[in-house]
1. How many residues, within the range 27-56, are in a helix (DSSP H, G or I) and under 15 Å from the mean Cα position of the chain (by Cα)?
2. Could you check, for the range 67-74, whether at least one of its residues is of a type outside the set (Gly, Ala, Ser) and touching a Ser or Thr at 6+ places or on another chain (Cβ under 6 Å)?
3. Quick test for you: out of THR51, THR81, pick the one residue that is at pLDDT 90 or above, surrounded by fewer than 10 Cβ atoms within 10 Å (Cβ to Cβ), over 30 Å from LYS8 (Cα atoms) and not assigned by TED's automatic domain parsing to the domain that holds LEU4.
4. Tally time: how many residues in the range 57-87 are under 15 Å from the mean Cα position of the chain (by Cα), part of a loop (DSSP other than H, G, I, E, B) and closer than 20 Å to PRO26 by Cα?
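The values are calculated or read from the model by the stated rules, or taken from the named source; none is laboratory data. Keep in mind the model is a prediction, meaning the values are calculated, not measured. Note that we place each Cβ from the backbone using ideal geometry, even for glycine, and neighbour counts take in every protein chain shown.
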Amino acid sequence: MTNLKRSKSERDSEVNAPSGEEESYPWGLRLHLEEPEIEKLGIDAVEVGATLDITAKVKVTSFSSHEDGKENRRSIEMQVTDLILPTSDSREDRMYGKSK
């Protein structure tokens, strides 16, 4: 597993960050789930600050590569399509869905 937290020098060189705002992780790595998704995942509540392991399936929607003579820049856009978060359900239910 790779930790994507940015170093101080990476944060200092970020040109797109709003003035005065310093984020440890780059834009785009934060997931925001609302009631329908929370319910589908079977989550009752989570503690703010808790660390959870997730498993996700994503669809690559874009890949680009640019070279300007000084540096190469690449980007990947992905749409999360499936997500597993820990709940009180069994591991089998989380991985394969609840049987009806």
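1. Residues that pass the stated criteria total 1.
2. Yes, the range 67-74 contains at least one residue that is of a type outside the set (Gly, Ala, Ser) and touching a Ser or Thr at 6+ places or on another chain (Cβ under 6 Å).
3. Going through THR51, THR81 in turn, just one is at pLDDT 90 or above, surrounded by fewer than 10 Cβ atoms within 10 Å (Cβ to Cβ), over 30 Å from LYS8 (Cα atoms) and not assigned by TED's automatic domain parsing to the domain that holds LEU4: THR81.
4. Looking only at that region, the number is 0.
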